[in-house]
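Take a look at the structure set out below.
Where a number appears in this text, it was derived from the coordinates with a stated rule and is not lab data. Since we're looking at a predicted model, the values are computed, not measured. Cβ atoms come from the backbone with ideal geometry, glycine included; neighbour counts cover every protein chain shown.
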Ligand code: NCD
């Protein structure tokens, strides 16, 4: 894949070769980090424009840029503090910022908004999460974590549990995992099921997909236990959300039924869906994922900037 100068808007853009290219580069970035970073992106500037709360994703992009010797212009609360407050359009904002920097990472609550505004940028735009649609860099780091931990992705049964309707992370993960010989097990209440078009797409490329609601039964065959949060901010009302709050809680009792060499992944933040008692379980990889996020974003920033 040619990454130089490209917008990264969706995991659908990635073929298997491109994905493995990013993973190999991320592995090299682990070494670069151990050696104290590099200055390969010195003179380059990243802008992070965030219209939704974030801890990991924004800091991870910024850490990645800094570790490679680049610089960062950051706005963690664009909606409240930028000229959008004066009714400037998102398009004009992005067009403006793109005149000052070399790459932009945008998070926005509306699905497809990042893609639409990328047309107004003359530098690469990276989607850092658009509504319930996509979160490509999170999925890249999740699949990188699986690849690193399990040695290979082929032959694995990957579970995705929680709000599969509104969670942008599982949507993006499916696009990447479909390039491998993977069986999918989706666990969600009926109202929060994986969208039909994603299930159809997976089946059309020959993947086996199992859908159900009972985590303690379905967990037994999972090699990867992909937990996600119920996406409170995407519900029409608090009342509607409360119907699903706490619907799945992964704890030591359920983990007794899981494979001894399974891994638990979660993009974080967690609310109550992964019990804190599991943090010391060697199968829990969700805090290791944070470190993997930095090297994966280092790899991606390097590639889109042509290095
Ligand atoms: C995810 C997101 O923002 O979609 N978080 C993250 O980027 N690490 C998952 C979530 O918020 O549930």
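Considering Cα pairs under 8 angstrom that are at least six residues apart, work out the relative contact order of the chain and quote it in whole percent. If you can, show how the numbers build up before the last one.
On the way: 587 pairs, mean separation 63.6, N = 307.
The value is 21 percent.
With a simple spin-label model that places each label point 7 Å from the Cα along the Cα-to-Cβ direction, the separation between residue 280 and residue 42 comes to 4.5 nm. The alpha-carbon atoms of the chain define a convex hull whose volume equals 128 cubic angstrom per residue. Nearest 5 is fine: what % of DSSP beta bridges in the chain come out antiparallel, could you say? Taking every DSSP beta bridge within the chain, about 5 percent pair in antiparallel fashion. Angle of helix 168-177 to the longest C-alpha principal axis of the chain, folded into 0 to 90 degrees and rounded to 10: 80°. Listed from fewest to most Cβ neighbours within 10 Å, the set 142, 256, 163 follows the order 256, 163, 142. Here the Debye sum runs over all C-alpha atoms of the stretch 1-126 as equal scatterers in vacuum, and log10 of I(q)/I(0) at q = 0.10, 0.12, 0.22 Å⁻¹ comes out as -0.34, -0.48, -1.45. A straight chain from residue 251 to residue 28 at 0.36 nm per residue would run longer than the Cα-Cα distance by 76.8 nm. For the chain, the longest principal axis of the Cα atoms and the long axis of helix 16-34 meet at an angle of about 70 degrees. Each residue, residue 35 and residue 205, gets one label point 7 Å from its Cα in the Cβ direction; the gap between the two is 3.4 nm.
Using C-alpha pairs under 8 Å with a sequence gap of at least 6, the mean separation divided by the residue count of the stretch 136-289 gives a relative contact order of 24 percent.
Based on other C-beta atoms within 10 Å, arrange 149, 273 from fewest to most.
The most exposed by this proxy come first: 149, 273.
Compute the helix-to-body angle for 286-304: its Cα long axis versus the longest principal axis of the chain, expressed 0 to 90° and rounded to tens. Relative to the chain, helix 286-304 is tipped by roughly 40 degrees.
From least to most packed, judged by other beta carbons within 10 angstrom and beginning with the fewest, 169, 209 follow the order 209, 169. The value given for the stretch 136-289 is a Kirkwood hydrodynamic radius of 15.4 Å, derived from the mean inverse Cα-Cα separation.
Using the Cβ-Cβ distance between residue 150 and residue 240 with R0 set to 45 Å, the FRET efficiency works out to roughly 0.75. Multiplying the residue separation of residue 71 and residue 197 by 0.36 nm and subtracting their alpha-carbon distance yields 41.4 nm.
Between 100, 255, 227, the Gaussian network model of the chain with springs among Cα atoms under 10 angstrom shows the greatest mean-square fluctuation at 100. When the chain is treated as a GNM with alpha-carbon contacts under 10 Å, the residue of 60, 118, 89 showing the greatest mean-square fluctuation is 89. Between 189, 53, 124, the GNM of the chain built on Cα springs shorter than 10 angstrom shows 53 fluctuating the most.
Compute the length gained on full extension between residue 95 and residue 6: take 0.36 nm times their separation in residues and subtract their Cα-Cα distance, giving the result in nm to one decimal.
Numbers: separation 89, 0.36 × 89 = 32.04 nm, distance 1.60 nm.
Roughly 30.4 nm would be gained on extension.
In the frame of its principal axes, the stretch 210-307 has Cα extents of 47, 39, 28 Å, reported largest first.
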